[in-house]
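Any read-out appearing in this document is the output of simple, stated calculations on the displayed coordinates, not a laboratory observation. Everything numeric in this text was worked out from a predicted model, so none of it was measured. Note: ideal-geometry Cβ built from the backbone for every residue, glycine included; neighbour counts use all protein chains shown.
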Amino acid sequence: MARVVTYSIVDCADGRFAVVAVAASGASYRRGELLTLAEAEDCAEDLRVALAGCGVVLARRDATPPGTGATGIALSRRW
């Protein structure tokens, strides 16, 4: 069975965007300071291609749970 990583695009308080990916293990990764939504979507697509090479599926998490966001997610690594 393919491993799955979920991601979401977060609208940050400073008007920029971030892509936050969460692995099945619970490890979180964040790529921030993206100026436009299009740039964030391109970043997610680049991640999708890289993960596909490792046999990992990248799935978008549509809803952000209440109380989380750019400042509410505990992040362990940055890429």
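Can you list residues whose amide H is under 5 Å from Val5's amide H, if they're 5+ apart or on another chain and H is modeled 1.01 Å from N?
When sequence neighbours closer than 5 places are left aside, the close amide H contacts are Val57, Leu58, Ala59.
Using a 10 Å cut-off on Cβ atoms, rank the peptides 29-36, 46-53, 16-23 from the highest mean neighbour count down.
16-23, 29-36, 46-53
Please report the net charge: other residues with Cβ closer than 10 Å to the Cβ of Leu34, K and R +1, D and E -1.
After counting each charged neighbour, the total is -2.
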